[in-house]
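First up is the structure itself, then whatever we jot down about it.
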Amino acid sequence: MQPELCVTTSAPTAPEQALDTLRTYADHPSALLAMNRHTSRFQVPDIGGMIAYRFAGRAHVVMVAGITAAPDKRAALLDRFLQWACRERRKVVAVQLLRGDAELFVSRGFSVNQIGASYSVTLEQFKLSGTPFIKLRNKISRARRSGVRVLELGADLLATAPVWDAIATIDREWIGEKGAKELAFLIGEVGAPADFDRSYKRIFVAMLNDTPVAYVLYTASFGQHSGWMHDLSRRKPDAPSGVMELINVTAVERFIAEGARMLNFGFTPLTSLNPAHELPAFSRMTAWAFQQLAQHGSFIYPAQAQLQYKLKWAPDLVQPEYVAFERGGTLGGLWQFLRLTRAI
């Protein structure tokens, strides 16, 4: 293969074309991560599809959310990506792989480990009735009694400059309270107001006394589990209890009315780890490291808190997700991955 056949584009380039590619080929709930500002997209002209990636340090490139291509073209696109990375003198780390892509990486000699799981709810089966949801219903009721209303930006709530400023204020206060511990690269982005498009991004805002106090960004999911993903969530420190649950149930009701299939809660690292999920080419060292982080690593990422929120909604689809390391699960590759995602 000649080097000039490989074409890379930065995330802001040709968003319409990239979205068309995702809608046509993507089969991963988090595939829209390819549209993040600082994420690049690997493409070749003779294979429809793309691979989302970022450089990490001097020696690694990290790809996310699998291979976006037709099933019979995924292997070819991966091989071209690996050849390109080799010419760049970078080892490949791939994160958030579903089982099919993980097996493909095993066949290419990678060390592959389960790193967590994603959680989804089938909306046509969703109901908040019954004993298991008593606490959830009570939290939603408290938020409503406090006077909170939930409006969708661009539908019920005009996307004015003051509203966008208020959302930015929520971001600043949330980051200040949480200490900026969020998994960069593995979460979606609200983006610039000028680029806001409800066809693949939805923002539901909690209003108290006509002031935004919290919001949730929902991003489009594609493929066999298509629908919407509960992506980025933020709240002011003094927002009423139950406000996030009220936002989500309001969004769910709208998505059901629109005929959406799934609500995906996305990937949570270091959860639902199970030796039965491991593939033959797993690294025992990496598996041990992930188990230790799952048990003792809440200072790195609050995985259990994230999981408890998702389990409130009784997800009926839990999918193991994997990380793959080229030429073995090295400490250097794991370190660069953790740095890239701001986990350390």
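The values are calculated or read from the model by the stated rules, or taken from the named source; none is laboratory data. The shown structure was predicted, so the numbers you read here are calculated from the model rather than taken from an experiment. For neighbour counting, all protein chains shown are included, and Cβ atoms are generated from backbone atoms with ideal geometry for every residue, glycine included.
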Taking region 100-112 and keeping residues surrounded by 15 or more Cβ atoms within 10 Å (Cβ to Cβ) and in a helix (DSSP H, G or I) leaves D101, A102, E103, L104, F105, V106
List, please: which pairs have Cβ atoms under 8 Å, are six or more places apart or on different chains, and start with a residue in region 77-88 that is under 14 Å from A52 (Cβ atoms) and end with one that is of a type in the set (G, A, S)? L77/G49; L77/A69
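Can you report the number of residues in region 211-232 which are within 25 Å of G147 (Cβ to Cβ) and modelled with pLDDT of 95 or more?
Within region 211-232, the subset within 25 Å of G147 (Cβ to Cβ) is 211-218, 230, 232.
Filter once more, keeping what is modelled with pLDDT of 95 or more: 211-218, 230.
Count: 9.
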Can you tell me which residue is farthest from D231 (Cα to Cα) among those in region 1-59 that are charged (D, E, K, R) and modelled with pLDDT of 90 or more? D46
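The rows are residues; the columns are (1) more than 15 Å from G223 (Cβ to Cβ); (2) surrounded by 21 or more Cβ atoms within 10 Å (Cβ to Cβ); (3) under 15 Å from the mean Cα position of the chain (by Cα).
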{"position": "L19", "(1), (2), (3)": "no, no, no"}
{"position": "L22", "(1), (2), (3)": "no, yes, yes"}
{"position": "Y53", "(1), (2), (3)": "yes, yes, yes"}
{"position": "F81", "(1), (2), (3)": "yes, yes, no"}
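Could you please let me know if S118 is surrounded by 24 or more Cβ atoms within 10 Å (Cβ to Cβ) and in contact with a Pro (Cβ under 8 Å, 6 or more places away or on another chain)? Give the derivation first.
Values: surrounded by 24 or more Cβ atoms within 10 Å (Cβ to Cβ): yes; in contact with a Pro (Cβ under 8 Å, 6 or more places away or on another chain): yes.
Yes: the conditions hold for S118.
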For region 200-221, state whether one or more residues are part of a loop (DSSP other than H, G, I, E, B), of a type in the set (K, R) and within 20 Å of the chain's Cα centre (by Cα). no
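Looking at this structure, is G48 touching a Ser or Thr at 6+ places or on another chain (Cβ under 8 Å) and either crowded, with 23+ Cβ neighbours inside 10 Å or closer than 20 Å to A26 by Cα (or both)?
Numbers: touching a Ser or Thr at 6+ places or on another chain (Cβ under 8 Å): yes; either crowded, with 23+ Cβ neighbours inside 10 Å or closer than 20 Å to A26 by Cα (or both): yes.
In short, yes.
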Look through region 103-120, keep the residues that are modelled with pLDDT of 95 or more and under 17 Å from the mean Cα position of the chain (by Cα), and return whichever of them is farthest from L311 (Cα to Cα). Q114
Does R37 satisfy the condition of being in a helix (DSSP H, G or I) and either among the charged types (D, E, K, R) or assigned by TED's automatic domain parsing to the domain that holds G259 (or both)? no
Residue count, region 241-284, condition in contact (Cβ under 8 Å) with a residue 40 or more places away in the chain, in a helix (DSSP H, G or I) and either more than 26 Å from G109 (Cβ to Cβ) or touching a helix residue (DSSP H, G or I) at 6+ places or on another chain (Cβ under 8 Å) (or both), comes to 13
Of the numbered conditions (1) crowded, with 18+ Cβ neighbours inside 10 Å; (2) assigned by TED's automatic domain parsing to the domain that holds R149, E258 satisfies every one except a single condition; which is it? (1)
Whichever residue in region 273-316 is surrounded by 18 or more Cβ atoms within 10 Å (Cβ to Cβ) and among the polar types (S, T, N, Q) and, among such residues, is farthest from the chain's Cα centre (by Cα): S283
Quick check: anything in region 225-236 in a loop (DSSP other than H, G, I, E, B), out of contact with any strand residue (DSSP E or B) (no Cβ under 6 Å at 6 or more places or on another chain) and surrounded by fewer than 15 Cβ atoms within 10 Å (Cβ to Cβ)? no
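For residues that are of a type in the set (D, E) and touching a helix residue (DSSP H, G or I) at 6+ places or on another chain (Cβ under 9 Å), scanning just region 148-203, find the one that is modelled with the lowest pLDDT. Can you show your working first?
Step one: of region 148-203, the residues of a type in the set (D, E) are 152, 156, 165, 171, 173, 177, 182, 189, 195, 197.
Remaining after also requiring touching a helix residue (DSSP H, G or I) at 6+ places or on another chain (Cβ under 9 Å): 152, 182, 189, 195, 197.
Working: E152: 98, E182: 55, E189: 91, D195: 85, D197: 92.
It comes out as E182.
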